[in-house]
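First the structure, in the form of structure tokens, and then the observations on it.
Derivation of every value follows stated rules applied to the coordinates shown; laboratory data play no part. In this text the structure is predicted, and so the values were computed from the model without any measurement. Cβ: placed from backbone, ideal geometry, glycine included. Neighbour counts: every protein chain shown.
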Amino acid sequence: MAPSHSKGPDLKRYMEKRLRLKLNGSRCVIGTLRGYDAFMNIVLEDTIVDVGNRSGPAITEGEQIGTVVIRGSSVIQFESLARIVPTAAAEES
């Protein structure tokens, strides 16, 4: 049985930042992180479907899908498209 005191993911430093999420099924989306929970369910705003390759900086063919909720178990990888400044709390752990 899992401990009941688990905190979940610490994504505070990624709030309000543009992220690229790689999802199962060979899907990829780019959006602004607006919220998350202990199960890593994620709310992205101004989201587009990333159909371009990773080497190109601009996504011109992406379909705008707006605000989405992504189930945490669907996320394979995420990367920040903006610079993340480490916080003092993150450096201590």
- Task: Rounded to the nearest 0.05, what FRET efficiency do Ile84 and Glu63 give with R0 = 35 Å and r taken as the Cβ-Cβ distance? Could you check?
- Result: 0.85
- Query: How much net charge surrounds Leu23 when only other residues with a Cβ under 14 Å from its Cβ are counted (Lys, Arg +1; Asp, Glu -1)?
  - Reply: +2
- Modelled label-to-label distance, Arg27 and Asp10, 7 Å Cα→beta-carbon offset: nm? 3.0 nm
- Under 5 Å between amide H atoms, partner at least 5 residues away or on a different chain: which partners does Lys17 have, H built in plane at 1.01 Å? Leu33
